[in-house]
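The values are calculated or read from the model by the stated rules, or taken from the named source; none is laboratory data. Model, not experiment: these values are computed from the prediction. Please note: Cβ atoms are built from the backbone with ideal geometry, for glycine as well, and neighbour counts cover all protein chains shown. Accessible surface is based on the protein model in full, side chains and every heavy atom, while ligands, DNA and RNA are left aside. Shrake-Rupley method; radii C 1.70, N 1.55, O 1.52, S 1.80 Å.
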Amino acid sequence: MDRENPKRASASPPEWAPGPITRWLTPVTRWIITNFIAPPCVFLLFGLLNRTRVYGRRRIPHLANTLVLSNHQSMIDSFPIAYYLFFPEKMFRPHLGPWNAAAAENFFRNPFLAWVFHQFKCIPVRRGRRDLRAMIRSASVLQAGTLTLFPEGTRSRNGQVGRGRAGAGMVILRNHPQVVPVTLEGLDRVLPIGARLPRIGQRVSIYVGRPVRYDDLVSDGRSRRSAQRIVDRVMERIAFQQRIIRRLHRRRPHRRRP
């Protein structure tokens with residue numbers, strides 16, 4: 001693949017929306033969908049049909065160039081992050097609404113799905129190989145806003161935090177953002193791998209950690225070694241937060257709904 005200019009990559013229209021009118025309307029349709037249609041659905045699923053608890057929400061810096069790195073448990077992980085950590089602030093400051101990397105084969109299978117998930121600021125990523133275009137676009141949108149990445153690259157099959165890949169570290173080395181580690185717990189029970197519909201009556205936890213310092217790991221410049229070391233440090237923090245959540249759960253037994 002030819003190398004691309006970051007600004008050109010971010011400005012080029014998506015293949016499914018070729019016309020200037022569609023591109024002009026996107027900010028309007030996106031604001032309506034993400035601030036009026038999606039919130040009732042998200043809070044119904046996670047707040048009423050399941051029990052969601054957030055720890056450390058105030059640690060999220062509502063500033064541009066903020067990168068949220070999280071473990072990956074289900075196909076709906078980005079929704080509780082976006083709405084429990086950035087809503088309603090993002091209604092009045094749209095740049096706070098996080099962009100998300102999303103598997104192209106799952107979320108961009110046809111033009112209609114591509115349109116829907118573009119409204120939710122999803123960036124298509126091709127699985128199984130290094131997607132340079134997606135990395136460039138991720139770095140570009142991060143400059144002016146917030147980005148959520150799942151460094152593991154695939155959903156956990158047992159709920160445990162796995163090892164992250166270097167791609168997220170390359171974005172960090174390019175932009176030097178504030179890196180916020182977020183741990184999700186319980187999403188694998190709400191929507192397990194292979195399930196088509198979410199389950200109810202589950203307990204979900206979101207733990208927001210303090211920003212991770214990584215200045216001491218950039219001595220090799222934009223090398224893959226430095227990128228992997230940064231990601232490893234963040235994933236260690238995410239795994240540590242998962243242990244904290246599980247310890248809290250043992251202290252507060254879950255009451256099953258009748």
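Considering only beta bridges that DSSP places wholly inside the chain, some 15 percent are antiparallel. The accessible area of Val28, taken with all protein chains in place and a 1.4 Å probe, comes to roughly 80 Å². The mean accessible area for residues of the stretch 129-258, using a 1.4 Å probe and ignoring ligands and nucleic acids, is 54 Å² per residue. Dividing the summed helix terms, -39500 (n - 2.57) for each DSSP H run of n ≥ 4, by the number of residues in the chain produces a 222 nm estimate of -11500 deg cm²/dmol to the nearest 500.
Here the 3J(HN,Hα) profile of the stretch 102-114, calculated from phi with Karplus coefficients 6.51, -1.76 and 1.60 at θ = phi - 60°, is 9, 4, 4, 6, 9, 10, 10, 6, 8, x, 5, 4, 4 Hz, Gly and Pro shown as x. For the stretch 117-150, trypsin sites (Lys or Arg not before Pro) meeting the loop criterion (DSSP other than H, G, I, E, B) and having at most 10 other Cβ atoms within 10 Å: Arg129.
Rounded, prolate or oblate: which fits the stretch 33-183 when a ≥ b ≥ c are the square roots of the eigenvalues of the alpha-carbon gyration tensor, with rounded for a/c under 1.5 and prolate only if a/b beats b/c? It is rounded, given that a/c, with a ≥ b ≥ c, falls under 1.5. When peptides 31-41, 206-216 are ranked by their average number of other Cβ atoms within 10 Å per residue, the highest-first order is 206-216, 31-41. Split the accessible area of the chain by element, probe 1.4 Å, and carbon with sulfur accounts for 55%. Each residue, Phe112 and Arg252, gets one label point 7 Å from its Cα in the Cβ direction; the gap between the two is 4.0 nm. Relative contact order for the chain: what percent, with Cα pairs under 8 Å and sequence separation of 6 or more? Across the chain, relative contact order equals 26 percent.
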